[in-house]
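Written below as C-alpha cells is the structure these notes are about.
Bear in mind these aren't lab numbers, they're just calculated from the coordinates by the rules spelled out. Everything quoted here is computed from the prediction, not taken from an experiment. Virtual Cβ from ideal backbone geometry, glycine too; neighbours counted across all protein chains shown.
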Amino acid sequence: YRQGGPAGFGLRRMLVDMQGKPKGTLKRNEQKSLQTDRVILVPGPDEEISIVRHMYQLFIKHSKSERQIAEYLNERGIKTDVGRPWTRSSVRQVLTNEKYIGNNVYNHRSFKLKKKRVVNPPDIWVRADGAFEAIVDPASFFTVQGIIQERNRRWSDDEMVQMLAKLVEKHSDVSAHLIDQSDGMPSSATYRSRFGTLIEAYRLAGYTPERDFSYVQINRRLRTLHPTLVDDTVQRLESVGASIGVDDGNSHLVVNGEYTAALVLSRCLQTSGRSLRWAIRFGSRRLPDITIMVRMNPANDEPSDFYLFPLLDIHTPSLRLAEYNAAYVDAYRCDSLDGFAQLALRTRIEAR
C-alpha cells in the first residue's frame, strides 16, 4: 500500500477498504477516515498519462535532457501535480521513480533518533513489484535508467572537477541552481554525493564563493534529514496501531483522522558568548494541532530533544529558546517522541 505523500504527476490516490475494494479517489487535502482503509496508486487522467509517456519518448528517442523536457512542458503551460513549473529535478523524478511501472519501493533511507541518517543499499529496500497499475512500460523505464547510469558512469572525479571549473570560467557566480540547469553536467546532488559537499567541489575547482556558505550546508542537511525524521515518527505512530495520513495541502501528518501534527527542525546557533540558542517560526499559514519542534545538537547533525507545542498554546509568531527556559516553556520538552506516540494509542472497547 501507499505509505503517504502525493501520488505524483499522472497518478492518483485510490482509497480501498480492508478487502481491497475501491472506495473512491482521494483529492488533494483529503485523507482516509478509517484506520482499516488503505491507499493505493491508480492511473490518473488520460491527458497526464500521455504527457508522462511523451516525456519518456523525448528522453529516449529525441535525446532531450531533463532541463529541455522541463522547458518543453513549461512553454506549453503544463504544470506539475502540485501546480508548479517543471524543473530538471521534477522531470528526473518522473523518469526515475518505479511507481510509474507499478512498483512500490521504500526504505531507501533509515534514521533513528540520536543516530545519523543512513542511505540503505538496494538489497535492503522494501519492494512490492506490480503493486499498482503501471502507466509506463518497463522497457521504456529501464531504457531511461540505463541512459542515466551510463551518463553518470562516464564521469571520473577529475572530469567532474574540470566541468565545474569550466562553468566557473563562464560565470562569476556559481550556484547549485546554475549547475542543475547546465546541460551535459552532473547535477548538484551528484557533486554533493561524490565530494561530500558542494563547497568541497567548489574548492577542488578553484572557486571560492564570496559568501560564507556554512549555513547553507547546515540548512541543506536539515532539509535532507527532515523527511527521514518524519518517516521515523510515522513508523513510531504506526507501531502503536495509529492510522497516519498526509495532508497534501501542507504535508501535516493526520493522526487517526482526528488531529494533525508537523515536525519543524530548529538549527542550533551559538552566540558570541558561546551560549546555545534555537528559534522557531510558527508562520501565518494554517498551523497543525501539534507542532513538534526538533532541537538539533550543536553539530546540527542529529536531534537533541523535542518540544510539543499544542495549537491552543501558541500565541506568538516565533519563539527563541535557550538551553534552559522558563518552566512554562520547558513543560513541553521531552527527550524522545515515545510519549507523543503513546498519545495516538488506540484501545479497543468491548461492547457489552
Likely footprinting exposure, 86, 155, fewest C-beta neighbours within 10 Å first:
155, 86
Under the classification rounded if a/c is under 1.5, otherwise prolate if a/b is larger than b/c and oblate if not, where does the range 155-210 fall, given a ≥ b ≥ c as square roots of the Cα gyration tensor eigenvalues?
rounded
Place a point 7 Å from Cα of residue 314 in the direction of its Cβ. Which residues in the range 264-287 have their backbone N less than 14 Å from it?
264-266, 280-287
Would you pull out the residues with amide H under 5 Å of residue 205's amide H, same chain only if 5 or more places away, H placed 1.01 Å from N?
none
Need one number: nm distance between label points at residue 166 and residue 105, each 7 Å from Cα along Cα→Cβ, rounded to one decimal.
3.1 nm
At 0.36 nm per residue, minus the direct Cα-Cα distance, what do residue 279 and residue 193 gain on full extension? Give it in nm, one decimal, please.
28.0 nm
If R0 = 30 Å, then residue 74 and residue 96, at their Cβ-Cβ distance, give a FRET efficiency to the nearest 0.05 of 0.90
What's the exposure ranking of 238, 302, going from fewest to most Cβ atoms within 10 Å?
238, 302
Residue 302's amide H: which non-local residues (gap 5+, or another chain) put their own amide H closer than 5 Å, with H modeled 1.01 Å from N in plane and none for Pro or chain starts?
297
